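Working notes, beginning with the structure itself.
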Amino acid sequence: MNRRSRALPLYVLSAILAATALPALASSASHPPLTPAQRIVRIQSRISRLEHREAVLRSKGKTQRLAKVRARVARLQARVGKLKGKTARH
């Protein structure tokens, strides 16, 4: 009695997956670049989320993490300042 599985071998399944997934990934990767105004809005929303996180950490007394969040907020605010400076010149 032959008990061979009727399922597709692994190499056939991987070939099918590669043939269907790669074109889909390639088409989704080509999106238009963000405008400076959109970048500023995204960074400001990230800053507001981090400031909320800062308030939570402060209430829990997590000082080491709080310092890291403050440093990240400062970096993001510097980036927003640079972007606003670039958009003001143009």
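So for segment 59-73 (the condition being modelled with pLDDT of 75 or more, open to solvent by less than 80 Å² (accessible area, probe 1.4 Å) and among the β-branched types (Val, Ile, Thr)), does at least one residue qualify?
Within segment 59-73, the subset modelled with pLDDT of 75 or more is 59-73.
Subset that is open to solvent by less than 80 Å² (accessible area, probe 1.4 Å): 61, 66-67, 69, 71, 73.
From what's left, among the β-branched types (Val, Ile, Thr): 69, 73.
Yes - at least one qualifying residue is present in segment 59-73.
Could you grab me the full set of residues in segment 42-52 that are of a type in the set (D, E, K, R) and under 14 Å from Ala74 (Cβ atoms)?
Residues of segment 42-52 of a type in the set (D, E, K, R): 42, 46, 49, 51.
Of everything in segment 42-52, those that are of a type in the set (D, E, K, R) and under 14 Å from Ala74 (Cβ atoms) turn out to be Arg46, Glu51.
Output the qualifying pairs, or none if there are none: Cβ atoms under 7 angstrom, residues six or more apart or on different chains, first residue in segment 35-58 and surrounded by 15 or more Cβ atoms within 10 Å (Cβ to Cβ), second residue polar (S, T, N, Q).
Cβ pairs passing all conditions: Ile47/Gln77.
The values are calculated or read from the model by the stated rules, or taken from the named source; none is laboratory data. Keep in mind the model is a prediction, meaning the values are calculated, not measured. We place every Cβ from the backbone using ideal geometry, glycine too, and count neighbours over all the protein chains shown. Just so you know, the surface numbers come from the protein's heavy atoms only, side chains and all, with ligands and any DNA or RNA stripped out. Shrake-Rupley method; radii C 1.70, N 1.55, O 1.52, S 1.80 Å.
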